[in-house]
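Participant: Sharing a structure below in structure tokens format, with a few things to ask.
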Amino acid sequence: MSGTNEEEADDVRHVEDHIAPVPRISVQAFCETDQTLAAVKAAGEDRRLGKAHLTAKPGGLAAAIEAYGSMPTPNVIVIESDGTRDILEGLDDLAGVCDPGTRVVVIGNPNDTAPYRELVRRGVNDYVVGPVETIDVVRSICSLFSASEAMITGRVIAVVGAKGGVGASTVAHNLAWTIARDLALDSVVIDLDLAFGTAGLDYNQDPVQGIANAVLSQERPDTALMERLLAKCTDHLSLLAAPAALDRVYDFGAEAFDAIFDTLRMTTPCIVLDVPHQWSGWTRRALIGADDILIVAEPDLANLRNTKNMLNVLKAARPNDRPPLYLVNRTGMPKRQEIEVKAFAKTMESQPIAAIPFDSKLFSTAANNGQMIAEVAKNHRTSETFQDMASRLAGRGEPRKAKRSLLGPLLKKLKAKTARRESAPYRKVS
């Protein structure tokens, strides 16, 4: 039980601690200790600093002053202080060789006595007390840009199936719709299955343009282009639809969608990627680059194997992120031999974010009508499941709408029955 509580607490911390990636910048660090040097080098491998050119050297403040006396300074300088030298004096010397616009992060020592306001007065943008871990370095550098310039702050949620046909697209579309409706958070769904995508059908939309126009464009996508390509589904939800046409083959390089995601991050608080079930350079990159990953699986052996493999690979590629989440879908299907959710979770060594029971009538009605589950059955427990997942993945706490009480309908009926009795004419019983 304690392990589960620790896992939930860690999950909450990661949801609230959203770190936006940096643009293309140069970062140079001058470290005093081997621990900090290793942490900075590891930070350079983090996905959020993927576009940064980061180098780390020993020598601390003295080495930085010597180096920049003869060469230009980068976008960001990270300096470690070991507490043996007056840090204010050192920063004054650094300012004499530092180019305008360079941002400075200081990794301090508990022995430093300089007031924070004096550090800020000398141009320090962030101060972190050592010793630091990799995630501290990542957070400090990224916050210089996301906080001061509001750049690339949107949260990306990638949804992918552990196997084809497990309902991952349905989950992605309902999740995005719920985030937009219940959290009033401007959201975009990107249907990345260009040949067979179903987002247009699920939202009852038939846009002329979509993701294909953006990825196949000869020009780099910008905000104006993306606004033209988005189809409006609700007040807070837009769709970048797939053409769902087979008149060409959709082969892409690993970085084909990077510019699209980066552009939307700058204007959209939440982006949900409907990632097709395939393993290629660009799908792997889309998953690794997302802030949160949700794997949708059915309770059978192939899904069990695939989910385990995907969790292992994605965890290894994202050591400073929250582990990917998974959902067990279509449980309790009649006449099907299934792996119990408890056994599934034991193999994954973690609990699923949810288990959605099989309900062919509900889901087929929604699919054929171009509706979401909550539009077909507002008070169905699956609708509440999507509310819980939306709240958790969007990092926005509980949804604005209060959860429906299971006793509510019963109490309402009892009150109505009591009212009828009290209003009925008195009858004498002999």
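Participant: Only helices (runs of 4 or more DSSP H) wholly contained in the stretch 197-310 count here; list those with 2 or more residues that are farther than 22 Å from ASN174 by Cα and in contact with a helix residue (DSSP H, G or I) (Cβ under 9 Å, 6 or more places away or on another chain).
Facilitator: It comes to 211-215, 223-229, 258-265, 281-289.
Participant: For the stretch 105-121: of the residues being out of contact with any Gly (no Cβ under 6 Å at 6 or more places or on another chain) and among the aliphatic types (A, V, I, L, M), which is farthest from GLY60 (Cα to Cα)?
Facilitator: VAL120
Participant: Just checking, does the stretch 41-62 include any residue being of a type in the set (S, T, N, Q), at pLDDT 90 or above and in contact with a Cys (Cβ under 9 Å, 6 or more places away or on another chain)?
Facilitator: For the stretch 41-62, residues of a type in the set (S, T, N, Q), at pLDDT 90 or above and in contact with a Cys (Cβ under 9 Å, 6 or more places away or on another chain): absent.
Participant: Here's another thing I want to ask about it. Output the qualifying pairs, or none if there are none: Cβ atoms under 9 angstrom, residues six or more apart or on different chains, first residue in the stretch 250-273 and in contact (Cβ under 8 Å) with a residue 40 or more places away in the chain and farther than 21 Å from ALA176 by Cβ, second residue among the small types (Gly, Ala, Ser) and part of a helix (DSSP H, G or I).
Facilitator: If the second residue must be among the small types (Gly, Ala, Ser) and part of a helix (DSSP H, G or I), the pairs left are TYR250/ALA212; ALA256/GLY281.
Participant: Let me ask you something else. Touching an Asp or Glu at 6+ places or on another chain (Cβ under 6 Å), in contact (Cβ under 8 Å) with a residue 12 or more places away in the chain and of a type in the set (Ser, Thr, Tyr), is that true of SER169?
Facilitator: When the stated conditions are applied, SER169 passes them.
Participant: Here's a follow-up. Only one of ALA316, ALA377, ALA345, ALA354 is modelled with pLDDT of 95 or more and within 21 Å of ALA172 (Cα to Cα); which? First the steps, then the outcome.
Facilitator: Numbers: ALA316 fails: within 21 Å of ALA172 (Cα to Cα); ALA377 fails: modelled with pLDDT of 95 or more; ALA345 fails: within 21 Å of ALA172 (Cα to Cα).
Criteria check complete, one pass: ALA354.
Participant: A follow-up question, please. Among what's in the stretch 173-222 and is at pLDDT 90 or above and of a type in the set (Ser, Thr, Tyr), pick the residue that is nearest to PRO276 (Cα to Cα).
Facilitator: THR198
Participant: Next up: Given the condition hydroxyl-bearing (Ser, Thr, Tyr) and over 25 Å from the mean Cα position of the chain (by Cα), answer yes or no: does some residue in the stretch 304-316 qualify?
Facilitator: Step one: of the stretch 304-316, the residues hydroxyl-bearing (Ser, Thr, Tyr) are 307.
With the extra rule that they be over 25 Å from the mean Cα position of the chain (by Cα), the set shrinks to none.
No, the conditions are met nowhere in the stretch 304-316.
Participant: I've got another one for you. Suppose we keep only residues that are part of a helix (DSSP H, G or I) and crowded, with 24+ Cβ neighbours inside 10 Å within the stretch 139-169. Which one would you say is modelled with the lowest pLDDT?
Facilitator: Restricting to residues being part of a helix (DSSP H, G or I) and crowded, with 24+ Cβ neighbours inside 10 Å, the top hit is ILE141.
The values are calculated or read from the model by the stated rules, or taken from the named source; none is laboratory data. No experiment lies behind these values; they were computed from the predicted model shown. Neighbour counts are summed over all protein chains in view; Cβ atoms, including those assigned to glycine, are modelled from backbone coordinates with ideal geometry.
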